[in-house]
Structures are given as C-alpha cells and as structure tokens.
Amino acid sequence: MDDKLIIGGHEFNSRFILGSGKYSLELIESAVKDAGAEIITLAVRRANTKDQENILDYIPKNVTLLPNTSGARNAQEAVRIARLARELGCGNFVKVEIMRDSKYLLPDNTETIKATEILANDGFVVMPYMYPDLNAARDMVNAGAASIMPLASPIGSNKGLATREFIQILIDEIDLPIIVDAGIGRPSQACEAMEMGAAAIMANTALATAGNLPLMASAFRAAIEAGRKAYLAKPGRVLSRGAAASDPLTGFLRD
Amino acid sequence: MVKINGNDCDVSGMTISEYLATTDYDPKIIAVECNEEIVPKAKYDETVIQNGDVIEVVSFVGGG
C-alpha cells in the first residue's frame with residue numbers, strides 16, 4: 001500500500017517521529033531501528049569541549065534530522081536557534097518550540113505563528129509545536145507551516161490524549177499533516193491518535209522512561225502502524241444504545 | 001574581554017579559526033555566532049574577534 005507521509009514535499013514511509021533526549025547515545029541507533037523512524041529530533045545547545053561525543057555519529061545517515069528550537073522564549077530566539085541549527089549543516093527542517101512557562105512547558109502559539117512565518121519565508125520546512133487551537137493552527141498554515149504539531153498533554157508527562165477533542169478538530173479542519181507531539185506515554189494512546197486520523201506521532205519521554213527502550217520503540221511502531229491501518233480502513237459505527245447481533249437471527253435450534 | 005558561551009575569554013584580536021585551534025571543539029560539528037550573527041565556516045579565517053564581542057559556539061544534543 002502506498003501510504004506516504006509528506007512533509008514539505010519530502011516523503012516518508014514511517015509515521016513515528018523519534019525524540020533523542022534523555023537517553024544514552026548508544027541507544028539511539030537501536031531506537032531508530034526498532035521504531036522504524038525516518039525522522040529524529042535534536043536540540044541545539046552550547047557546545048561542550050569536555051564531552052566530545054557527536055550525537056550525529058549515532059544517527060543512521062538516511063534519517064532526516066528535525067532540530068527543535070527548545071530554549072526559545074519568543075519568536076526572535078526561535079529564529080536564531082533555527083538558523084544556527086541550519087548552519088550545523090543538516091538540512092532545513094525545524095520544529096518550532098517556544099515556551100514562556102517552565103512549569104507546564106506549554107507552547108506560546110502567538111510567538112510560534114510569528115516564528116513560523118519568518119522561518120518559512122527563509123526557506124525552512126517549519127513544523128510548529130502548538131497548543132491545539134483551531135484559529136492558531138489556521139494562522140500557522142497561512143504563515144507557511146509544513147505540518148502542525150499539537151500537544152496531547154504536557155511535555156514529558158506521559159499522560160496521553162488530554163486534548164483529544166481539540167486534536168480531532170485540527171485533523172478534521174486543517175489540510176496539513178497533524179502530528180501529535182508531547183504527552184503520548186503509551187502505544188495505545190499513539191494508536192488512538194492514529195485511528196483519529198493523526199498523520200504521525202512524535203514521542204521521546206515515553207521511550208526514555210520505559211524499562212526497555214528498544215522494546216518500547218518497537219511497541220510504538222506496531223501501535224502507530226495499527227492505528228494508521230484502522231484509520232484507512234474506516235472504523236465501524238458505534239451504537240448509541242442497544243446491540244446488533246453478529247450472528248444470523250434465523251435458524252435457531254428451536255421452534 | 002570577549003564572552004564565549006557565557007565565559008570571559010581574553011581572545012580579542014584572534015580570528016575565529018585561531019581561537020578554535022586553542023580549544024577542543026571539533027569544527028565539523030559546531031556552529032559559531034558572533035553578536036547574534038552566524039559566522040559561516042568559510043569566514044572563520046577572516047573574522048577577527050573584537051573586544052566586547054559575544055560569541056556562542058553550539059552543537060546538536062539529544063532533544064525532543
């Protein structure tokens with residue numbers, strides 16, 4: 001079945017975007033492999049001369065890098081980080097992530113719209129992380145976003161689809177890929193989001209905090225694939241009340 | 001004095017290339033910014049660090 005995820009004109013077979021934070025570099029390669037991931041996120045930070053390890057050495061070469069702008073508190077800082085990421089020489093994808101709040105780590109949609117416009121005009125493939133709000137998502141589309149990345153629940157919480165109804169509205173109304181990012185803690189939640197019609201799932205903490213990271217990566221992969229297939233298969237109706245027999249209502253062994 | 005990644009450094013008058021040669025940074029995996037303007041790798045040899053400059057040297061790390 002030809003079912004590609006298309007972001008900014010680039011085609012992907014995998015619908016699982018992997019984070020690379022909070023676990024050892026040695027696990028990245030097997031996480032990518034077991035997740036079947038074709039996109040991995042990274043952050044930009046001050047370089048450290050003591051720790052000479054280069055994370056890029058651990059990422060398979062066919063994987064698309066998706067730098068984020070974490071640490072940015074406004075559009076200007078996000079643009080600055082995105083340009084530094086591009087200067088690091090690994091493509092023009094960027095996940096815009098702007099937070100003013102350090103307790104809940106909620107994204108600032110207004111600043112994110114501004115950064116999306118500047119970066120899209122500068123040739124980036126912009127994937128804004130956002131609080132699921134239809135008006136903000138429409139503004140991001142108009143600003144040139146390549147996908148929309150609404151949060152399921154607060155970053156790192158593993159709480160699942162707390163914003164389910166609002167993500168469904170985005171899926172129904174926005175013509176770009178809706179990639180559920182942040183808060184997905186279990187494969188069942190990822191599967192549910194995919195059944196709803198999400199285009200992809202981004203997860204990091206769910207894997208980093210699992211007892212067995214590669215095994216959890218493969219569980220997520222299976223769940224995301226199952227959810228996608230179920231979405232394409234068009235799930236059956238739900239009765240509001242009563243029952244509907246699955247067996248013939250004739251030929252009973254009685255008169 | 002020059003600020004590099006938040007630390008005071010006495011490197012004014014050096015080029016970016018000369019400064020990097022005094023450090024353990026791997027030039028292949030870093031990006032350099034001077035006063036919030038990116039310094040392209042091709043300009044490391046000709047960009048002279050001035051007194052009062054604020055320089056950032058960044059690289060990729062794991063993140064979501």
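The values are calculated or read from the model by the stated rules, or taken from the named source; none is laboratory data. Just so it is clear, the structure is predicted and the values come from calculations on it, not from any experiment. So basically every Cβ, Gly included, is an ideal-geometry build from the backbone, and we count neighbours across all protein chains shown. Note: accessible area is taken over every heavy atom of the protein model, side chains too, but ligands, DNA and RNA are not part of it. Shrake-Rupley method; radii C 1.70, N 1.55, O 1.52, S 1.80 Å.
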Since B:GLY63 meets every condition but one in (1) over 30 Å from A:ILE40 (Cβ atoms); (2) open to solvent by less than 40 Å² (accessible area, probe 1.4 Å), which condition does it not meet? (1)
Would you be able to tell me the number of residues in region A:156-185 that are within 14 Å of chain B (Cβ to nearest Cβ), free of Cβ contacts under 8 Å to residues at least 60 places away in the same chain and in a strand (DSSP E or B)? 1
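Select, from A:ALA198, A:ALA217, A:ALA190, A:ALA223, the only residue that is part of a loop (DSSP other than H, G, I, E, B), open to solvent by less than 30 Å² (accessible area, probe 1.4 Å), in contact (Cβ under 8 Å) with a residue 12 or more places away in the chain and closer than 24 Å to A:GLU11 by Cβ.
On the way: A:ALA217 fails: part of a loop (DSSP other than H, G, I, E, B); A:ALA190 fails: part of a loop (DSSP other than H, G, I, E, B); A:ALA223 fails: part of a loop (DSSP other than H, G, I, E, B).
It is A:ALA198.
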So which strands (runs of 3 or more DSSP E) are wholly in region A:1-114 and hold at least 1 residues that are more than 14 Å from chain B (Cβ to nearest Cβ) and either modelled with pLDDT of 95 or more or over 20 Å from A:ALA152 (Cα atoms) (or both)? A:5-7, A:10-12
Subset tally (residues that are of a type in the set (Gly, Ala, Ser) and part of a helix (DSSP H, G or I)) for region A:226-255: 4
Exactly one of these conditions fails for A:ALA143: (1) at positive phi; (2) surrounded by 16 or more Cβ atoms within 10 Å (Cβ to Cβ). Give me its number. (1)
Looking at A:LEU66, A:LEU106, can you tell me which residue is touching a strand residue (DSSP E or B) at 6+ places or on another chain (Cβ under 7 Å), open to solvent by 40 Å² or more (accessible area, probe 1.4 Å) and in contact (Cβ under 8 Å) with a residue 40 or more places away in the chain? A:LEU106
Would you confirm whether any residue within region A:150-157 is among the hydrophobic types (A, V, I, L, M, F, W, C) and either open to solvent by less than 30 Å² (accessible area, probe 1.4 Å) or over 14 Å from the mean Cα position of the chain (by Cα) (or both)? yes
Quick one: A:ILE59 ticks every box in (1) surrounded by 17 or more Cβ atoms within 10 Å (Cβ to Cβ); (2) in contact with a Pro (Cβ under 9 Å, 6 or more places away or on another chain) except a single one, so which number is it? (2)
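Being within 14 Å of another protein chain (Cβ to nearest Cβ), touching a residue at least 24 places away in the same chain (Cβ under 8 Å), within 30 Å of A:GLY36 (Cβ to Cβ) and surrounded by 24 or more Cβ atoms within 10 Å (Cβ to Cβ) is the requirement here; does A:VAL126 meet it? Give the steps one after another, and end with the answer.
Numbers: within 14 Å of another protein chain (Cβ to nearest Cβ): no; touching a residue at least 24 places away in the same chain (Cβ under 8 Å): yes; within 30 Å of A:GLY36 (Cβ to Cβ): yes; surrounded by 24 or more Cβ atoms within 10 Å (Cβ to Cβ): yes.
Against the criterion (within 14 Å of another protein chain (Cβ to nearest Cβ), touching a residue at least 24 places away in the same chain (Cβ under 8 Å), within 30 Å of A:GLY36 (Cβ to Cβ) and surrounded by 24 or more Cβ atoms within 10 Å (Cβ to Cβ)), A:VAL126 does not qualify.
So which residues in region B:48-64 are within 8 Å of chain A (Cβ to nearest Cβ) and assigned to a strand (DSSP E or B)?
Keep residues of region B:48-64 that are within 8 Å of chain A (Cβ to nearest Cβ), which gives B:56-64.
Listed by number, the residues that qualify are B:GLU56, B:VAL57, B:VAL58, B:SER59, B:PHE60, B:VAL61, B:GLY62.
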